[in-house]
Amino acid sequence: MIRHSETLARMPLFRSLDSEAIRRLDSQCVWRRAKAKERVLDYKDGGADLYFVSRGHVRVLIRTPAGKESILRDIRDGEYFGELAAIDGQPRSAGIVAVTDSIVARMPPTIFRGIVHAYPDVCDQLMVLLASQIRMLANRVNEYGTLDVRTRVYAELLRLARTGQSGEAVISPPPTHAELAARVSSHREAITRELNSLARAGLLGRRRGALVLLDPARLASLVEEAGRAEPPRG
């Protein structure tokens, strides 16, 4: 059973709603647990419900008919997924798998659309999210067309990194080589080769539970230079 303390009040999307409106929404959702590695949704699934991650970490991915997976993005506490189907009623554009044990709330699309129409701040946040996803996909398409695997790895490391307390660019927890390959549409062996090359060049450090980008400005410069060069062949 899900604890009664779970609530949508923790969701930034609903920051403009009062406590009574939040209580109504809580009662209109179905709350469930998803275990790590469990598939919450599959690509092309039907259904138009919206999902909120109350606790945990899930991943958006697409699996090809041959079984190869491409990772699009990660979704964590306070974020949501399924907004496209909730808006247009079409089959799911990607699959969702739980990375850690998670608690999610499932909201009917009619309830979600009603909130979007009733609260301008919710509508504005949704539009910002949709715009950011379009920009992200456009950037990825551009990278696949103009960057080789090496430089796509650089770009992905920069996206994953967060500034630590000492000002370093840190990726924690570090992705596995297979996960990084799925993010840049490559294979694990190529990722291993590129990470080792970065370490030898003094651009990447490893510590327990983290990767550290030792010169992120240099990596960003390499990505920019590659973007201005001729597209890779093959």
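The values are calculated or read from the model by the stated rules, or taken from the named source; none is laboratory data. As the structure is a prediction and not an experimental result, all values here were calculated from the model. Cβ sites come from the backbone with ideal geometry, for glycine too, and all protein chains shown count toward neighbours.
Observations
- Evaluation of PRO91 against (1) assigned to a loop (DSSP other than H, G, I, E, B); (2) within 29 Å of GLU20 (Cβ to Cβ) (one fails), failing number: (2)
- Subset of the range 55-96 (residues that are hydroxyl-bearing (Ser, Thr, Tyr), touching a strand residue (DSSP E or B) at 6+ places or on another chain (Cβ under 6 Å) and surrounded by fewer than 19 Cβ atoms within 10 Å (Cβ to Cβ)): SER70
- Residue list for the range 1-22, filter: free of Cβ contacts under 8 Å to residues at least 12 places away in the same chain and loosely packed, with under 14 Cβ neighbours inside 10 Å: MET1, ARG3, HIS4, SER5, ASP18, SER19, GLU20
- Residue that is nearest to the chain's Cα centre (by Cα), among those in the range 23-35 that are exposed (fewer than 13 other Cβ atoms within 10 Å of the Cβ) and either touching a residue at least 40 places away in the same chain (Cβ under 8 Å) or in a loop (DSSP other than H, G, I, E, B) (or both): LYS35
- Just one residue in the set ARG32, ARG63, ARG76 is over 29 Å from VAL184 (Cβ atoms) and outside the structural domain of ALA178 (by TED's automatic domain parsing); that residue is ARG32.
Results for (1) assigned by TED's automatic domain parsing to the domain that holds LYS35; (2) more than 16 Å from the chain's Cα centre (by Cα); (3) within 30 Å of ASP26 (Cβ to Cβ), shown as yes or no for each residue.
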residue: MET107; (1), (2), (3): yes, yes, yes
residue: GLN125; (1), (2), (3): no, yes, yes
residue: ARG152; (1), (2), (3): no, yes, no
residue: LEU158; (1), (2), (3): no, no, no
residue: PRO173; (1), (2), (3): no, no, no
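- Failed condition for TYR144, given (1) surrounded by fewer than 19 Cβ atoms within 10 Å (Cβ to Cβ); (2) modelled with pLDDT of 90 or more; (3) of a type in the set (Phe, Trp, Tyr): (2)
- With respect to the conditions (1) within 20 Å of the chain's Cα centre (by Cα); (2) closer than 19 Å to ASN139 by Cα, ALA220 lacks only one, and its number is (1).
- Residue that is in contact with an Asp or Glu (Cβ under 7 Å, 6 or more places away or on another chain) and touching a residue at least 12 places away in the same chain (Cβ under 8 Å), where the choices are ILE71, ILE111: ILE71
- Unique match (being in a helix (DSSP H, G or I), among the hydroxyl-bearing types (Ser, Thr, Tyr) and either closer than 23 Å to ARG76 by Cβ or touching a residue at least 24 places away in the same chain (Cβ under 8 Å) (or both)) among THR192, THR151: THR151
- When ARG159 is tested against (1) within 13 Å of ARG73 (Cα to Cα); (2) buried (at least 16 other Cβ atoms within 10 Å of the Cβ); (3) of a type in the set (D, E, K, R), exactly one condition is not met: (2).
- From the list ILE96, ILE134, the lone residue that is under 16 Å from the mean Cα position of the chain (by Cα), part of a strand (DSSP E or B) and either modelled with pLDDT under 95 or closer than 19 Å to ASP74 by Cα (or both) is ILE96.
- Condition check for VAL99: touching a residue at least 12 places away in the same chain (Cβ under 8 Å) and under 26 Å from VAL141 (Cα atoms): yes
- Verdict on ARG106 being over 26 Å from ALA229 (Cβ atoms) and either free of Cβ contacts under 8 Å to residues at least 12 places away in the same chain or not hydrophobic (A, V, I, L, M, F, W, C) (or both): yes
- Residue-level analysis places LEU211 outside the set of residues that are aliphatic (A, V, I, L, M) and out of contact with any Pro (no Cβ under 6 Å at 6 or more places or on another chain).
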